[in-house]
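Report on one structure; see the data block that follows.
The values are calculated or read from the model by the stated rules, or taken from the named source; none is laboratory data. Computed from a prediction, not measured in an experiment: that's the story for all the values here. Please note: Cβ atoms are built from the backbone with ideal geometry, for glycine as well, and neighbour counts cover all protein chains shown. Areas reflect the complete protein model, heavy atoms only, side chains present, ligands, DNA and RNA absent. Shrake-Rupley method; radii C 1.70, N 1.55, O 1.52, S 1.80 Å.
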Amino acid sequence: AGFPSFPGLPPPGMPPPGMAPPGMPPGHGGGAPPGASDPSKPKPDWTEHTAPDGRKYYFNSKTGKSSWEKPEELMSAQEKQEGSATAWKEFTSPDGRKYYYNRLTKESKWTMPEEMKKGAAGGGDDAKKASAVQVVALGSAADGKPPGGPTTTGAAAAASAAAAAAARARAERDASAEPSSSAKAEPIEYATKADAKDAFKELLASVGTSSDWTWEQAMRLIVNDARYGALKSLGEKKQCFNEYVQARRNEEKEEERRRVKQAREDFHKMIVESADLKTSHGFRKAKELLEDDARWKAVPDREREELFHEAQKEKAAKEKEERRAERRRRMAAFRELLERTPGIKIGSEWRKAATKLEGEPEYEALDKLERLEAYQEYQKDLERQEKEEKERAKEEVRRAERKNREAFKELLAQHRQLGLISVKTRWKEYAAAVKGEEAYLAVERNTGGSRPRELFEDLLEDMEAEYEKAKATLKDAVKEADIALTSTTAFEELKAALEEKAGDKVAKMDAGHMRAWWEEQVGRLRAKEEDAARAARKAADRFGSLLRHARGLGPDTTWEEFSGDHEKEREFKDVAPEVARTLFDEYIQKLKDKAAAKAAAAAAAKSEGGAAGSEDGEATEPRSGGKRDGGGRGGDASDEERERDKKKSKKEKKEKKDKKHKKDKDKKKDLVKQAKEFLKSQLAAQGGSAGAGPSSGAPAPAAPGGPLPHVQVAVDEKNKITEDSYFQKNAEFTVWLQEERRVLFNELTTEQSREWFQHFVKLWNEGRLAPKYYSGTIQAP
């Protein structure tokens, strides 16, 4: 970084070796004559001088030429060895830094090359000729002042002034005279214009062209060089010169910017690190303390005060932060003392705690306010820790209760898979069966969250939502497949028909949903049929009442006569014609039979001479003239009979309803009891869902044909079962159906499975089953 962008250029502000300082014509040493430290010794041709910027240059008194390179006659043995070993040379920049220049490759570096390091390691020290070199300070060539310094003699100063005057005269002469053609070197041909421009810029660099040079100054030094002809026209040369000078200006600006930045940083560091300068001191005090420091002088007066205040501000902030850090350290040490002191806990009084802590270094290092502040903060931390512990304990309880709920959900899912829970199951029935389960009891013990009933109802809601979708699917499938459902349609028939005609729609459907829909449809059809039959019976009863109370109706009345008289009656219209005719014929037949019986009785009585027969004959006469009375109803006797029939009918209905209610209640209790026993046996055996197997359709309730199996096990009275053991022996019963009868339990209706179980009970009690069924180790497939 900081190297020029043109080939062969030295670092910014550094003229290349081999040329005089800026502003001096070639061949002159700035007017500095040779000088010697000892007049008795012969003076050497080359003498060493110091330019105003501190750099060394060399002047030959015989030839009148100046050079930045040290002549060989002034070199020590080590320098000669180094010069022969490498083309690298060491130079000093105006700010005192060393840099290195390769005269062959025109490359510049701030770091020492490896070749020079190797040469320095093996070289000796020979300063004999160097001791004869007189070091003088170079004055300005413009004002004609001779070089001077502490070691310069009066004769040397005079010679230097003369040489400077001669140099100025020669420069003026060279500028006014056109260079001779014989002095000019032959121009070099370059392949491209870019190569030519690079060569011309190398020429400008080789003569040490500075950023403040004019074209005339540079031309005097480069006109005799072969590279001067690299560019053909004067305009191209001037343009290239201007580019070079502008680049030098930019580099010098960048170098100056870096120098100013470094000076400011050094000034800032000086203020911050000064031990004598306090943050309370002002600028005047700082000037008294630091004005002799080179870093103070390196910054212009107009910037010093502003930079001083900025540095003081930073220094104050740094000291403040250090004080804070120290306070935090003392507070932390006091906190450790509180933690390791026994007896200090939540709610402890500061007065009692301070008594225990007095005399401790950590305690004495703080003032009263800091101690109290640290103690209060410690108490807050203890309270916060206690609160966090309580929250952690609550979270553990919540996590355990959540696990309990998940376990109960798994139990619900298992029971659903076993078919124990369907969309028609209600919580009261299910709770009675699972109230002894650990998963149920664990959720009951939970202090928060959903209760078992809520979890069950959540599952039931999901099942009902699935069932509603399944109902629509089944309805569409049955309609598309043109399946006619009746009250006698078996589940197997519906399932087989759906799988055959709409298998893609019901393939993934839950079998429980399909069975529930079948039971719902068949139950609805059966209810309709029962309602229709009940209505028909009621209509028949009312028609019978009409027959009994019809006036003029006798054994000789014909159907046409009766229908003609009563066809507009409601009782007549509610009955089907064929049913009405049948009931009429039956009733007429009853009247005929009754009249015949009465006639026979009257004849028997008459033959005996009693008067009763005559009265009986007279009593039957009014009933033979139904047509004469004009038909219809009438009389008090008919009203009384209708009232009796009405009361009797109400009583029968009430008795029938009470009987049905009692029967349903007993049946429900029985089912709950059986469900409990079944669940206990299933959970104890860790049973799964029913396996697949061949289906045989609806079985017959009676035992299969052929002889019964031979007795294989002797069953005592204690181990015999009844039909109430339906749930308790469900696993053995299911396996027996599948293996012995090739029937799947989950494809049977409740009535069919009950009928099969009756046969199973008979075989069990007679010992005609295989011994494995009595072992108690069978699990449901």
Which of the residues spanning the range 570-612 are part of a loop (DSSP other than H, G, I, E, B) and either hydrophobic (A, V, I, L, M, F, W, C) or surrounded by 15 or more Cβ atoms within 10 Å (Cβ to Cβ) (or both)?
D574, V575, A576, A611
Return the residues of the range 50-69 that are open to solvent by 50 Å² or more (accessible area, probe 1.4 Å) and modelled with pLDDT under 75; say none if nothing qualifies.
P52, D53
Considering only the range 717-731, state which residues are buried (at least 16 other Cβ atoms within 10 Å of the Cβ), assigned to a loop (DSSP other than H, G, I, E, B) and at pLDDT 85 or above.
I721, K729
Single unsatisfied condition, R264 versus (1) charged (D, E, K, R); (2) in a helix (DSSP H, G or I); (3) more than 30 Å from V299 (Cβ to Cβ):
(3)
Regarding G554, is this residue more than 30 Å from T486 (Cβ to Cβ), at pLDDT 80 or above and assigned to a loop (DSSP other than H, G, I, E, B)?
yes
Would you point out the residue of the range 493-511, among those that are of a type in the set (G, A, S) and open to solvent by less than 40 Å² (accessible area, probe 1.4 Å), that is nearest to the chain's Cα centre (by Cα)?
G503
Identify all residues within the range 440-457 that are of a type in the set (A, V, I, L, M) and under 14 Å from R416 (Cβ atoms); write none if there are none.
L455
Run E492 past the list (1) in contact with a Ser or Thr (Cβ under 7 Å, 6 or more places away or on another chain); (2) of a type in the set (D, E, K, R); (3) modelled with pLDDT of 80 or more; (4) more than 18 Å from L744 (Cβ to Cβ) and report the number of the one that doesn't hold.
(4)
Count of residues meeting criterion [out of contact with any strand residue (DSSP E or B) (no Cβ under 7 Å at 6 or more places or on another chain), open to solvent by 60 Å² or more (accessible area, probe 1.4 Å) and modelled with pLDDT of 80 or more] in the range 70-114
1
The range 752-781 residues that are farther than 24 Å from T489 by Cβ and among the aliphatic types (A, V, I, L, M), paired with ones that are at pLDDT 85 or above and part of a loop (DSSP other than H, G, I, E, B) (beta carbon under 8 Å, 6 or more apart)
V761/I721; V761/T722; L763/L769
Which of the residues spanning the range 557-569 are surrounded by fewer than 13 Cβ atoms within 10 Å (Cβ to Cβ) and assigned to a helix (DSSP H, G or I)?
W559, E560, G564
Please return the ranges of helices (runs of 4 or more DSSP H) entirely within the range 349-426 where 1 or more residues are open to solvent by less than 100 Å² (accessible area, probe 1.4 Å), of a type in the set (D, E, K, R) and in contact (Cβ under 8 Å) with a residue 24 or more places away in the chain.
361-364, 368-418
For the range 208-262, how many residues are charged (D, E, K, R) and surrounded by 15 or more Cβ atoms within 10 Å (Cβ to Cβ)?
10
Residue check, F267 touching a helix residue (DSSP H, G or I) at 6+ places or on another chain (Cβ under 8 Å), buried (at least 19 other Cβ atoms within 10 Å of the Cβ) and under 29 Å from S66 (Cβ atoms):
no
Please go through the range 213-261 and give me each residue that is in contact (Cβ under 8 Å) with a residue 60 or more places away in the chain and assigned to a loop (DSSP other than H, G, I, E, B), ordered by number.
W213
Given the conditions (1) farther than 19 Å from K590 by Cβ; (2) open to solvent by 40 Å² or more (accessible area, probe 1.4 Å), and given that A539 satisfies all but one, which numbered condition is not satisfied?
(2)
Of all residues making up the range 747-757, the number that are in a helix (DSSP H, G or I), crowded, with 16+ Cβ neighbours inside 10 Å and either modelled with pLDDT under 85 or in contact with a helix residue (DSSP H, G or I) (Cβ under 7 Å, 6 or more places away or on another chain) (or both)
4
Could we say that T341 is within 30 Å of Y375 (Cα to Cα) and among the β-branched types (V, I, T) here?
yes
Of residues in the range 758-781 being β-branched (V, I, T) and part of a loop (DSSP other than H, G, I, E, B), the one surrounded by the fewest Cβ atoms within 10 Å (Cβ to Cβ)
T777
Of the criteria (1) assigned to a helix (DSSP H, G or I); (2) open to solvent by 80 Å² or more (accessible area, probe 1.4 Å), which one W296 fails:
(2)
Every residue in the range 455-492 that is open to solvent by 20 Å² or more (accessible area, probe 1.4 Å), part of a helix (DSSP H, G or I) and among the small types (G, A, S), please.
A465, A472
I need the full set of residues from the range 192-211 which are outside any helix (DSSP H, G or I) and either within 60 Å of the chain's Cα centre (by Cα) or in contact (Cβ under 8 Å) with a residue 12 or more places away in the chain (or both), in order please.
V207, G208, T209, S210, S211
Determine which member of the set A714, A692 is modelled with pLDDT under 85, among the aliphatic types (A, V, I, L, M), part of a loop (DSSP other than H, G, I, E, B) and over 23 Å from Q417 (Cβ atoms).
A714
Answer with yes or no whether K538 is in a helix (DSSP H, G or I), at pLDDT 85 or above and over 30 Å from N404 (Cβ atoms).
yes
